[in-house]
1. From the set of residues in the stretch 39-84 that are surrounded by 13 or more Cβ atoms within 10 Å (Cβ to Cβ) and not in a helix (DSSP H, G or I), which is farthest from the chain's Cα centre (by Cα)?
2. Kindly establish whether residue 90 is surrounded by 13 or more Cβ atoms within 10 Å (Cβ to Cβ), without any contact (Cβ under 8 Å) to a residue 24 or more places away in the chain and either part of a helix (DSSP H, G or I) or touching a strand residue (DSSP E or B) at 6+ places or on another chain (Cβ under 9 Å) (or both).
3. If you take the residues in the stretch 21-38 that are in contact (Cβ under 8 Å) with a residue 24 or more places away in the chain and either out of contact with any helix residue (DSSP H, G or I) (no Cβ under 9 Å at 6 or more places or on another chain) or within 30 Å of residue 103 (Cβ to Cβ) (or both), which one is surrounded by the fewest Cβ atoms within 10 Å (Cβ to Cβ)?
4. Within the stretch 62-75, how many residues turn out to be touching a helix residue (DSSP H, G or I) at 6+ places or on another chain (Cβ under 9 Å) and under 9 Å from residue 97 (Cα atoms)?
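Coordinate-derived values only; no laboratory data. Please read all numbers here as calculations on a predicted model, not as lab measurements. So basically every Cβ, Gly included, is an ideal-geometry build from the backbone, and we count neighbours across all protein chains shown.
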């Protein structure tokens with residue numbers, strides 16, 4: 001039997017960390033551009049990287065929310081595709097995993 005309480009605690013902690021990181025990214029993206037053209041070009045490149053990190057963070061947030069919903073529904077640790085248990089080893093590595101290793105491989 002999985003200790004869903006510990007997974008829930010980890011997921012909530014990661015969620016809070018992601019919200020802090022996304023808030024910082026948003027603040028960085030809203031900064032006034034540098035008047036120097038060369039610096040602006042560098043800032044634009046940095047903004048693209050920040051946007052990519054932000055999008056990745058949003059995707060992870062969605063996966064965390066789904067995992068928290070599975071905990072509430074009593075289906076956490078069960079593969080969403082085949083219905084088999086997700087290995088504890090996989091859940092330790094990726095607590096928001098929705099698929100077992102077999103289904104991930106295709």
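1. 84
2. yes
3. Out of the qualifying residues, it is 21.
4. Looking only at that region, the number is 2.
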